1. Do the conditions hold for Leu72, that is, is it assigned to a helix (DSSP H, G or I) and under 25 Å from Trp313 (Cα atoms)?
2. Just give me the residues in the stretch 177-202 being open to solvent by 40 Å² or more (accessible area, probe 1.4 Å) and either without any contact (Cβ under 8 Å) to a residue 60 or more places away in the chain or over 15 Å from Phe18 (Cβ atoms) (or both), in sequence order.
3. Can you name every residue in the stretch 239-254 that is modelled with pLDDT of 80 or more and surrounded by 13 or more Cβ atoms within 10 Å (Cβ to Cβ)?
4. Whether any residue in the stretch 96-106 is within 25 Å of Leu250 (Cβ to Cβ) and crowded, with 18+ Cβ neighbours inside 10 Å is what I want to check.
5. Looking at the stretch 267-339, what helices (runs of 4 or more DSSP H) fall wholly within it and have at least 3 residues that are at pLDDT 80 or above and buried (at least 17 other Cβ atoms within 10 Å of the Cβ)?
6. How about the stretch 203-221: which of its residues are within 14 Å of Ala159 (Cβ to Cβ) and open to solvent by 70 Å² or more (accessible area, probe 1.4 Å)?
Amino acid sequence: MGNEGNTTTSNISYTDFFLVGFPGLREWRCLLVLPLSCLYALILSTNTLIIYTVATHRSLHQPMYVLISLLLAINICAATAVVPQMLMGFVYYANPVSLEGCLAQMFFIYFTLLLDYNLLLAMALDRYVAICYPLRYADLVTPYLLGLLAVAALIRSLAVAVPLVVLTSRAHFCRTVVIRHFACEYIALLSIACGDLTFNNRLGLAMRLITVTFDLSLLGASYTRIIYAAFQISSGNARAKALHTCGSHLLVIFTIYLSGLATSIVFRFAKSVSQDVQNVLSAIYLLLPGALNPIIYGVRTREIRQHVERLLWGRESALVTREQSKRLQNIQPERGLPG
């Protein structure tokens, strides 16, 4: 789909397009409205529930839970940037969109995805300090540090998303007005562009490789050190808690990066794969984290799960009371290991 060899030139450059997601389904596309609407409602409700739980309970006002809330808020933004437009495309065969609207959607898609990556790095740093330097956790992980990490995440996300949008806006779109995709992704737009797109393709690939390689290197180094340090903890309960918390983060990391890797490989190298299969992979890549993250953190993070249970069912079991008492008794040796 890269059109690297396409050197067609034209004085015409379309500024209005039609998004046609899953073109192979034809009249069956309208049947996707209900399941997709349910998925969107699930993403909104579960992510909002966890965010509300963290915001309204003072005991959860800790760096790790704040970072989880930010990650889930980004999940909501990412889904909102994609799903309403996708639903319109299923209701109507061709969903009209202007070039400006397409570029705006592309910016929000990549900006939120990059924020996801950056927050995962921040969470890895938080766990590294909590497990490797538990007695200094409160001194090292401060609101000031969280603010610096947030600013760095914004700058890094903008530094990748903005060049992609600017470069795409300068392309000439003269091949067709039909984008065979449910969203304005970078490769989908390049597939209808004219002229020499070698630089565009190489830039997109380079940014993806640099970002993923850098992130995975840091994440791999951090969690290797974290797991090693966790096995050195003398207390069995503290060791189990540390490994359990890291397991939740690693599940989220694998979900995001593996789905992105599969999508990139199919888009760039598997030319025989149908457009519908490519669209399915894109949908998984864009929406799966928003659906799974609140479940992973809500179920596997004990403190969040307990508060959610009390919020939903209005009861506090004896087990919860015992666990809270136990946590208070062991707060010093297990300081810095929430979740």
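The values are calculated or read from the model by the stated rules, or taken from the named source; none is laboratory data. Model, not experiment: these values are computed from the prediction. Note that each Cβ is placed from the backbone with ideal geometry, even for glycine, and that neighbours are counted across all protein chains shown. What goes into the accessible areas is simple: the full protein's heavy atoms, side chains included, and nothing from ligands, DNA or RNA. Shrake-Rupley method; radii C 1.70, N 1.55, O 1.52, S 1.80 Å.
1. For Leu72, the condition - assigned to a helix (DSSP H, G or I) and under 25 Å from Trp313 (Cα atoms) - is met.
2. Asp196, Phe199, Arg202
3. Leu250, Leu251, Val252, Ile253
4. No, that holds for no residue.
5. 275-300, 302-313
6. Ile210, Phe214
Residue-by-condition table, conditions (1) in a helix (DSSP H, G or I); (2) under 23 Å from Leu120 (Cα atoms); (3) modelled with pLDDT under 85:
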site	(1), (2), (3)
Leu189	yes, no, no
Asn201	yes, no, yes
Ala206	yes, yes, yes
Leu219	yes, yes, no
